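Below is one structure, written out as structure tokens, with a few remarks after it.
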Amino acid sequence: MEIVEDVVIVGAGVAGLTTSLGLHRLGIRSLVLESSDKLRITGFAFTTWSNAWKALDAIGIGESLRCQHHLITSMVIASTFSDKPPSEAPFKGLEVRCLQRRLLLETLAKEVPNGTIRFSSKVVSIDESEGHFKRLHLADGTILKTKVLIGCDGVNSVVAKWLGLQKPAFAGRSAVRGNAHFKSGHGFEPKFKQLVGKVGRLGFLPCDDENVFWFFTWIPATKGMEEDPIKLKQFVANELKDASDEMKSIIANTSLECIISSPLRYRNPLELLLWGNISKGNVCVAGDALHPMTPDLGQGACSAMEDGVILARCLGEALLKPGVEDDDEEYKRIEMGLKKYGRERRWRSFDLVTTAFMVGFVLRNDGKMIRYLRDKFLLGFIGGLLLRKAGFDGGKL
């Protein structure tokens with residue numbers, strides 16, 4: 001027996017749940033299929049810029065999350081190669097916080113109606129069905145039919161593959177991410193601090209009074225290290241032997257279960273700009289399924305929230321417009337709504353993926369000329385660039 005749905009979203013991550021809640025605010029029900037047996041909270045936290053807070057406000061949960069996270073006042077970038085003082089860029093007029101992933105996903109999940117998320121539901125294949133429906137085959141044998149299919153299923157997206165998008169490329173680097181917990185409080189300034197070194201780049205910023213999120217991007221040279229949190233922690237600690245006591249304490253206060261590492265991947269920017277299908281008929285992608293990018297702008301999750309708000313609005317305009325006479329007309333409206341979403345997100349996705357890759361290249365490059373230019377002139381420019389990419393004019397639902 002086939003289950004029929006109006007809107008199916010594959011993936012209960014940031015993009016999927018933002019889209020689902022956005023649709024719910026408009027009175028449109030969706031079913032979210034999550035392959036895991038619970039919400040995926042790996043990654044611990046992420047920098048949340050003004051554009052993300054505008055998106056969270058649009059779906060009505062911004063204020064509840066603000067009160068649980070510190071407002072970050074500036075970004076400080078230093079280099080181990082330079083005697084030049086650290087470059088500091090104040091966050092004037094911007095709202096920047098370090099948002100804990102668990103709190104975000106739990107808040108999103110609580111706001112959607114009961115039964116919206118179906119766990120342990122892995123999509124293994126997609127095919128066409130009669131009447132413009134898409135048919136989804138799940139690993140447990142379930143078959144669903146849907147009028148609208150939205151892929152928010154990450155870098156290994158089944159939906160993106162169905163659309164013909166290429167597999168994301170390896171950026172040549174990996175990222176270690178961790179969460180340091182200080183039971184008695186950390187006492188750090190509300191600043192986003194980064195240190196560019198010979199092997200990699202470390203960054204950290206406080207989430208609240210007790211938790212500090214940190215990351216270390218590097219070029220992996222030893223196989224097997226990424227699966228071993230003990231080796232990862234020791235590796236990062238060794239790279240920070242000449243760093244400040246503040247940075248050392250963050251690594252020391254990170255438990256082994258709060259350290260992960262993953263390879264960094266990105267989508268070919270030209271595919272996004274020129275030939276890739278963001279949507280086709282009644283199918284589209286959002287979040288990492290659309291624009292996987294390196295973390296050098298801190299815009300991966302932020303842009304996923306943008307996607308969710310804009311997609312919900314475009315789809316709402318299509319589904320809620322009165323006067324639909326038959327299924328063919330409804331399908332045409334859905335198709336046009338998703339095309340509108342794709343037009344709005346194509347350049348933005350291209351811009352963010354390209355800029356993130358170039359910033360990462362400059363910050364990790366150990367060539368003498370690049371290093372000289374970076375340490376003498378570019379650190380302040382990069383700080384300003386991060387601020388400029390935090391704009392979002394997606395509007396309200």
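The values are calculated or read from the model by the stated rules, or taken from the named source; none is laboratory data. This is a predicted model, so every value here is computed, not measured. Cβ atoms come from the backbone with ideal geometry, glycine included; neighbour counts cover every protein chain shown. What goes into the accessible areas is simple: the full protein's heavy atoms, side chains included, and nothing from ligands, DNA or RNA. Shrake-Rupley method; radii C 1.70, N 1.55, O 1.52, S 1.80 Å.
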inquiry  = Quick check on the stretch 359-368. Is at least one of its residues touching a Leu at 6+ places or on another chain (Cβ under 9 Å), at pLDDT 60 or above, in a helix (DSSP H, G or I) and of a type in the set (D, E, K, R)?
reply    = no
ask   = If residue 82 passes every condition in (1) at pLDDT 95 or above; (2) out of contact with any His (no Cβ under 8 Å at 6 or more places or on another chain); (3) among the polar types (S, T, N, Q) but one, which one does it miss?
value = (1)
request  = Scan 319, 297 and give me the residue that is under 21 Å from residue 152 (Cα atoms), open to solvent by less than 10 Å² (accessible area, probe 1.4 Å) and hydrophobic (A, V, I, L, M, F, W, C).
outcome  = 297
message = It is to be established whether one or more residues within the stretch 274-285 are open to solvent by less than 40 Å² (accessible area, probe 1.4 Å) and either in a helix (DSSP H, G or I) or among the acidic types (Asp, Glu) (or both).
response = no
Single match in 103, 71, 99 (criterion: modelled with pLDDT of 90 or more, among the aliphatic types (A, V, I, L, M) and within 15 Å of residue 40 (Cβ to Cβ)) = 103
note = In the stretch 343-357, residues that are surrounded by fewer than 22 Cβ atoms within 10 Å (Cβ to Cβ) and either part of a loop (DSSP other than H, G, I, E, B) or among the small types (Gly, Ala, Ser) (or both) total 0
request  = Residues being surrounded by 23 or more Cβ atoms within 10 Å (Cβ to Cβ) and either without any contact (Cβ under 8 Å) to a residue 40 or more places away in the chain or among the small types (Gly, Ala, Ser) (or both): count how many of those fall in the stretch 10-54.
outcome  = 10
message = Anything in the stretch 235-251 that is open to solvent by 60 Å² or more (accessible area, probe 1.4 Å), more than 18 Å from residue 198 (Cβ to Cβ) and among the polar types (S, T, N, Q)? List them, or say none.
response = none
key: Within the stretch 252-273, considering residues that are assigned to a helix (DSSP H, G or I) and open to solvent by 10 Å² or more (accessible area, probe 1.4 Å), the one farthest from residue 14 (Cα to Cα)   = 252
request  = Tell me which of these residue 337 doesn't satisfy, since it passes every other one: (1) touching a residue at least 24 places away in the same chain (Cβ under 8 Å); (2) surrounded by 18 or more Cβ atoms within 10 Å (Cβ to Cβ); (3) part of a helix (DSSP H, G or I).
outcome  = (1)
remark   = When residue 182 is run through (1) within 30 Å of residue 251 (Cα to Cα); (2) buried (at least 21 other Cβ atoms within 10 Å of the Cβ), the failure sits at (2)
message = Out of the residues in the stretch 196-216 meeting the condition of being of a type outside the set (A, V, I, L, M, F, W, C) and at pLDDT 90 or above, tell me which one is surrounded by the most Cβ atoms within 10 Å (Cβ to Cβ).
response = 206
ask   = When you look at residue 331, is it touching a strand residue (DSSP E or B) at 6+ places or on another chain (Cβ under 7 Å) and in contact (Cβ under 8 Å) with a residue 12 or more places away in the chain, yes or no?
value = no
key: Restricting the stretch 110-132 to residues that are open to solvent by less than 30 Å² (accessible area, probe 1.4 Å) and in contact with a helix residue (DSSP H, G or I) (Cβ under 9 Å, 6 or more places away or on another chain), the residue that is farthest from residue 190 (Cα to Cα)   = 126
message = Every residue in the stretch 55-92 that is assigned to a strand (DSSP E or B), β-branched (Val, Ile, Thr) and crowded, with 22+ Cβ neighbours inside 10 Å, please.
response = 77
ask   = Taking the stretch 74-106 as the region of interest, how many residues are within 22 Å of the chain's Cα centre (by Cα) and in contact (Cβ under 8 Å) with a residue 40 or more places away in the chain?
value = 15
